[in-house]
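A short worksheet on the structure shown next.
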Amino acid sequence: MYNRIKILYHLQKIDDQLDELEELRGDLPNMVRDLEEKIKNLKTEIESKENEQKESVTKRDSNESEIEKHRENQKKFKAQLYQVRNNKEYDALTKEIDHTEEQINKLESENNSLADKSKNFTQEIEDIKPRLEEFKGELKETESDLKEIIKANEREETKLRDERKIIESEVKKSDMSAYERIRKAKKGTAVATIRRSACSGCHNIVPSQRQLEIRRNNRLFFCEYCGRILVSSEISDEVDNK
């Protein structure tokens with residue numbers, strides 16, 4: 001049992017060092033993710049506007065074809081006016097001519113509106129591009145800064161991660177489950193020592209009787225206030241001085 005508790009404390013010590021290396025990166029990882037998200041959103045916005053612009057062009061082409069058909073029909077109707085035999089036929093043809101004229105005007109008006117929209121899309125895309133390039137530049141610089149920090153600590157981090165794999169393989173599954181759960185809830189620290197009769201995690205006093213039980217190192221004890229795993233000074237001193 002002694003070794004089981006010692007392994008958990010050793011694991012916490014390694015994770016503490018890895019956390020310190022992570023902290024050296026500061027807010028750079030978040031900045032990278034934020035810039036990547038902004039770039040992705042702007043690209044999506046540009047793509048959306050370009051697609052709408054293409055649809056507008058397709059619709060205008062379709063309308064132009066319809067306009068041409070209406071004009072052809074209008075020519076036929078006007079030519080037939082010279083062949084009418086009565087007022088009824090004349091009224092029917094003039095009605096068709098007026099109808100085609102209305103359709104032509106409607107389609108031309110729609111095309112003018114679509115042309116204006118297409119022009120607006122072009123301007124909006126041009127307005128977005130400088131922001132996109134700005135974010136790309138910021139991302140490149142931020143990634144460069146982050147890579148420098150990672151590279152500076154790469155050897156130490158690799159060594160710690162390799163050591164962690166070895167230690168983790170020795171931890172019981174139930175202990176690892178509890179360790180990870182507490183570590184997540186307590187923002188990194190799952191295992192605490194007793195300093196001046198208090199839990200080093202939450203600084204609440206550990207009852208004397210409980211301290212005696214913890215020193216026996218024969219089972220896992222959890223702080224009744226914060227829930228962290230408590231280890232004796234005997235174990236912490238052995239690992240710290242190793």
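The values are calculated or read from the model by the stated rules, or taken from the named source; none is laboratory data. Just so it is clear, the structure is predicted and the values come from calculations on it, not from any experiment. Heads up, the Cβs are rebuilt from the backbone with ideal geometry, glycines too, and the neighbour counts pull from every protein chain shown.
Observations, loosely collected:
- Between Asp91, Asp98, Asp61, Asp15, the distinction of being closer than 30 Å to Ile167 by Cβ and either exposed (fewer than 14 other Cβ atoms within 10 Å of the Cβ) or touching a residue at least 24 places away in the same chain (Cβ under 8 Å) (or both) belongs to Asp15 only.
- Cβ-Cβ under 6 Å pairs, at least 6 apart or on other chains, the stretch 22-39 side more than 27 Å from Arg161 (Cα to Cα), far side assigned to a helix (DSSP H, G or I) and not β-branched (Val, Ile, Thr): Leu35/Phe135; Leu35/Glu138; Leu35/Leu139; Lys38/Phe135; Ile39/Phe135
- Residue identified as of a type outside the set (Phe, Trp, Tyr), at pLDDT below 90 and under 36 Å from the mean Cα position of the chain (by Cα) among Lys159, Lys186: Lys186
- Taken together, the criteria place Ile5 among residues that are surrounded by 14 or more Cβ atoms within 10 Å (Cβ to Cβ), assigned to a helix (DSSP H, G or I) and in contact with a strand residue (DSSP E or B) (Cβ under 6 Å, 6 or more places away or on another chain).
- Top-ranked residue in the stretch 183-227 [being of a type in the set (Lys, Arg) and more than 13 Å from Ile5 (Cβ to Cβ); ranked as surrounded by the most Cβ atoms within 10 Å (Cβ to Cβ)]: Arg183
- Selection of the stretch 170-202 for residues being more than 19 Å from Ile235 (Cα to Cα) and assigned to a loop (DSSP other than H, G, I, E, B) yields Lys186, Lys187, Gly188, Cys202.
- Filtered residues of the stretch 150-192 (kept if of a type in the set (Val, Ile, Thr) and closer than 29 Å to Gln211 by Cα): Ile167, Val171, Ile182, Thr189, Val191
- With respect to (1) touching a Leu at 6+ places or on another chain (Cβ under 6 Å); (2) part of a loop (DSSP other than H, G, I, E, B), the lone exception for Ile167 is condition (2).
- Search result, residues across the stretch 101-119 that are free of Cβ contacts under 8 Å to residues at least 40 places away in the same chain and surrounded by 13 or more Cβ atoms within 10 Å (Cβ to Cβ): Glu101, Gln103, Ile104, Lys106
- The residue that is farthest from the chain's Cα centre (by Cα), among those in the stretch 8-46 that are on the phi < 0 side of the Ramachandran plot and outside any helix (DSSP H, G or I), is Arg25.
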